[in-house]
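*Asks:* What follows is a single structure, and I will ask about it in a moment.
The values are calculated or read from the model by the stated rules, or taken from the named source; none is laboratory data. The shown structure was predicted, so the numbers you read here are calculated from the model rather than taken from an experiment. All Cβ positions, glycine included, derive from the backbone under ideal geometry; neighbour counts span all protein chains shown.
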């Protein structure tokens with residue numbers, strides 16, 4: 001049962017990736033949208049966008065990430081898909097206010 005569920009989840013993630021746009025036309029439209037890693041794990045929500053990054057915080061704001069735009073795989077109008085796994089996001093972790101002050 002678990003194996004079948006995992007297979008379904010992987011198929012769903014692959015389907016979502018195939019149907020997402022290769023590029024994001026309007027980066028501001030990502031604000032307040034859900035962010036998922038390449039394996040489909042929930043990362044958090046986009047709080048802001050600057051020239052080079054999207055600024056993401058986890059639920060409750062305990063962890064914040066300043067993720068370079070080139071890490072964004074696509075946006076389907078509802079959620080942002082990244083091209084890295086959740087474990088790889090560690091390098092983009094920032095202090096509680098890092099990256100957020102300079103965003104207008």
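*Asks:* Given the conditions (1) out of contact with any strand residue (DSSP E or B) (no Cβ under 6 Å at 6 or more places or on another chain); (2) without any contact (Cβ under 8 Å) to a residue 40 or more places away in the chain; (3) surrounded by 19 or more Cβ atoms within 10 Å (Cβ to Cβ), report the number of the one that residue 26 does not fulfil.
*Replies:* That leaves (3) as the condition not met.
*Asks:* Might you check whether a residue that is at negative phi, surrounded by fewer than 11 Cβ atoms within 10 Å (Cβ to Cβ) and either within 12 Å of the chain's Cα centre (by Cα) or not in a loop (DSSP other than H, G, I, E, B) (or both) occurs anywhere in segment 71-81?
*Replies:* yes
*Asks:* Let me ask you something else. Restricting attention to segment 7-29, does a residue exist that is at pLDDT 95 or above and touching a helix residue (DSSP H, G or I) at 6+ places or on another chain (Cβ under 6 Å)?
*Replies:* Scanning segment 7-29, I find no residue that is at pLDDT 95 or above and touching a helix residue (DSSP H, G or I) at 6+ places or on another chain (Cβ under 6 Å), so the answer is no.
*Asks:* For segment 82-104, how many residues are over 12 Å from residue 43 (Cβ atoms), in a loop (DSSP other than H, G, I, E, B) and modelled with pLDDT of 85 or more?
*Replies:* Residues that pass the stated criteria total 1.
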